[in-house]
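The values are calculated or read from the model by the stated rules, or taken from the named source; none is laboratory data. Nothing here was measured: the structure is a model prediction, and the numbers come from that model. We place every Cβ from the backbone using ideal geometry, glycine too, and count neighbours over all the protein chains shown.
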Amino acid sequence: MTWTTIPPVLPVRPNTMKQTPDKSFARGIFLTLEGPEGSGKSTQIPLLAAALRTAGYRVASTREPGGTKVAEAIRTLLLSGPSNEPIMPETEALLVLAARSQHVAHVIRPALARGSIVLCDRFAHSTFAYQGFGRGVSLSWLQTANRAATGDLVPDLTLLLDIPVARGLARRRQARGGRNRLDRESIMFHERVRRGFLTLASRTPRRIKVINADRPVEVVRAEIEALVLGWLRTRQRRSSA
Ligand code: TMP
C-alpha cells in the first residue's frame, strides 16, 4: 500500500447488516494518532487497521503531511527543505495547512462519506504542537487557519502516543538512519512539542487519550486495540439508543 492510495473498503460486519444502519458509521469515524518523534504511530497504525478490519469495520489509513500527490510533494519540501534557505515558522504552518486542505478534500472526507473509519497518522494537533508550542506561532491564528483548511473537521477520537523525547529520538535514529529537517531540531524544541501535546490532551481529555508508548510494541498494541474497540462499541450503543 502506498500512502497516496486508500485501501479497498471491506464489507461491513455481517451481524450489523441485519440491524438498522448505524448513523455514526453512515458518516464514518475520524480517528487520529499523534505523538512526538519516535512514538511508534507508524508501527501501530497498520496493527490497529488490521484489528479493526478483522472486527468487520471498513478502514482507510492515511498520513499527514501527505495522503495525496500534492500533499506528499509538500511533505517532501517540509521534511527535506532547501538547506540554504530557512523555512519561516509561518511558512511551515501554511505549508502543512495547504497539504491538509488537499488531504481533507480528496481523501478524508470521501472516505468518511463511504462510512469508513479513517485512521490518520498526525492531523491538527501536530500543527498546534509543532508550529504552535514548538515554533511559537500564535495558537489562535493556527486554530482559525486550521478551521479554514479543514472546513471545521475535528477528529472523533485522538490517541496521543507519549514518549520521553530522548527515547523517541533514539528510536527514530535506530529505525531510519537518516534524520529529516524536523528531527534535527534541538531537544528543547522537541520538549516543547511533547509538552504541547500533553497540554492539549489535558484540555480535552474526552477526545484525546494518552497512551504510554515507552513500552514494547505488543503491549501498546493491545492497549490501543482494547481502547478503540471499546470506544466504538460505546459509540454504537449510544447512537442506536
Ligand atoms: P512523521 O509523521 O514521519 O513523524 O513526520 C512528519 C513530520 O512533520 C514530523 O516531524 C511532524 C511534522 N508535522 C508538523 O510539523 N506539523 C504538522 O501539522 C504535521 C501534520 C506534521
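Restricted to the range 115-229, the set of helices (runs of 4 or more DSSP H) holding at least 2 residues that are within 19 Å of G40 (Cα to Cα) and either free of Cβ contacts under 8 Å to residues at least 12 places away in the same chain or of a type outside the set (K, R) (or both) comprises 165-176, 187-203.
Within the group V96, V104, which residue is in a helix (DSSP H, G or I), farther than 18 Å from F197 by Cβ, in contact (Cβ under 8 Å) with a residue 24 or more places away in the chain and within 16 Å of the chain's Cα centre (by Cα)? That would be V104, the only listed residue that is in a helix (DSSP H, G or I), farther than 18 Å from F197 by Cβ, in contact (Cβ under 8 Å) with a residue 24 or more places away in the chain and within 16 Å of the chain's Cα centre (by Cα).
Summed over the range 145-192, residues that are more than 15 Å from the chain's Cα centre (by Cα) and among the aliphatic types (A, V, I, L, M) total 12.
Listed by first and then second residue, the pairs linking a residue in the range 37-55 that is under 30 Å from M188 (Cα atoms) to a residue that is within 16 Å of the ligand (Cβ to nearest atom) and among the polar types (S, T, N, Q), with Cβ atoms under 8 Å apart and 6 or more places separating them unless they lie on different chains, are I45/S61. Kindly provide the set of residues from the range 46-84 that are under 13 Å from the mean Cα position of the chain (by Cα) and either in a strand (DSSP E or B) or within 11 Å of the ligand (Cβ to nearest atom) (or both), ordered by number. Listed by number, the residues that qualify are A60, S61, T62, R63, E64, P65, G66, G67.
It is to be established whether one or more residues within the range 161-172 are away from the ligand (no atom under 12 Å from the Cβ), surrounded by fewer than 18 Cβ atoms within 10 Å (Cβ to Cβ) and modelled with pLDDT under 95. Checked against the condition, which is being away from the ligand (no atom under 12 Å from the Cβ), surrounded by fewer than 18 Cβ atoms within 10 Å (Cβ to Cβ) and modelled with pLDDT under 95, the range 161-172 yields at least one hit.
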